[in-house]
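Please read the structure below before turning to the comments.
The values are calculated or read from the model by the stated rules, or taken from the named source; none is laboratory data. Treat the numbers as computed from the prediction; the structure is a model and nothing was measured. No Cβ is skipped: glycine too gets one built from the backbone with ideal geometry, and neighbour counts run over all protein chains shown. With ligands, DNA and RNA removed, areas are computed over all heavy atoms of the protein, side chains included. Shrake-Rupley method; radii C 1.70, N 1.55, O 1.52, S 1.80 Å.
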Amino acid sequence: MSYEAWRDKTNGFRKVDVRHLQGNFAAGLIQAAARLEVGEGLEVVQTFEPHPLYAALENLGFEHHTEQTAETEFHVFFCRTEKKEGEEAPFRPLALLNYPMIDEKLGKIAVDFWETTWQSPRRTLPYETRLLLSLANAVGAGRMRQASRELVKAYVHGLDSAALDDVFELLAWNQGIGFFSSEIGPSPLFQAYKLIKTQEGQGKERSEICRALKEKFGEKNPEIGVM
């Protein structure tokens, strides 16, 4: 459905101006959107184009139309055109929407950088490969939270667990047995890997394993979440 098909409804959309909100507003915004019926919508006002929000609401069945009215003023109209029943992809980068509370220009830079890195059609490496590179870099930098998120995303996106075997073998080789034993082994990163391998060994369906991953290693886990 194109914007023209629901354009006349936008005057009735609830307007949410998030330009100067403090704290983590993204989760509440998505919850409000999830309660809307088909044909209803929101108008979100932000200082930059909120690409991560596009992805999050698209998964709920929303289309969007964006109008830039000033250098740092974007009006985004979201209309629910269907109620999707598919499972939500894990870890949308909604924390990026909080950067404007530090500095508005920083917020735009952060979101544009994410868009270029993860959404640009110019990227050559497959998405799963880039996630594994990001995982390995995160471990090297001591960021187990990020590494855990990349592992969950890669597996949910379809990565074979045999590739994770290779990753952990290389981590042991490059980081050393001592670091692997004391830092990686007890981490949520390795616990997520163990869940995958254990449940695969039990013959469980991939969809069931993905649900278990998102439940145990999702945003509600304080060692994983960023919101």
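Observations on the structure shown:
- Cross-linked pairs Lys153/Lys216; Lys84/Lys108; Lys83/Lys204: Cα-Cα separations exceed 24 Å for Lys84/Lys108; Lys83/Lys204.
- Surface listing: Glu63, Glu215 arranged by accessible area from highest to lowest gives Glu215, Glu63, probe 1.4 Å.
- Highest mean packing comes first when the peptides 167-180, 129-142 are listed by Cβ atoms within 10 Å, giving 129-142, 167-180.
- Shape of region 167-227, Cα gyration tensor, a/c cut at 1.5: oblate
- Chain lengthening between Glu82 and Ala5 when straightened (0.36 nm per residue, less Cα-Cα): 26.4 nm
- Counting only heavy atoms of the protein chains and using a 1.4 Å probe, Arg14 has close to 140 Å² of accessible surface.
- Across Ser161, Ser181, the residue with the most accessible area heads the list, and the full order at a 1.4 Å probe is Ser181, Ser161.
- Separation of region 182-199 and region 1-15, taken as the distance between their Cα centroids, equals 46 angstrom.
- The simple Förster model, with R0 at 22 Å and r as the Cβ-Cβ distance, assigns Ser161 and Trp118 a FRET efficiency of 0.45.
- Accessible surface, 1.4 Å probe, highest first, among residues Met101, Met1, Met144: Met1, Met101, Met144
- Tensor-based shape of region 114-227 (alpha-carbon gyration tensor, a/c under 1.5 rounded, otherwise prolate or oblate): rounded
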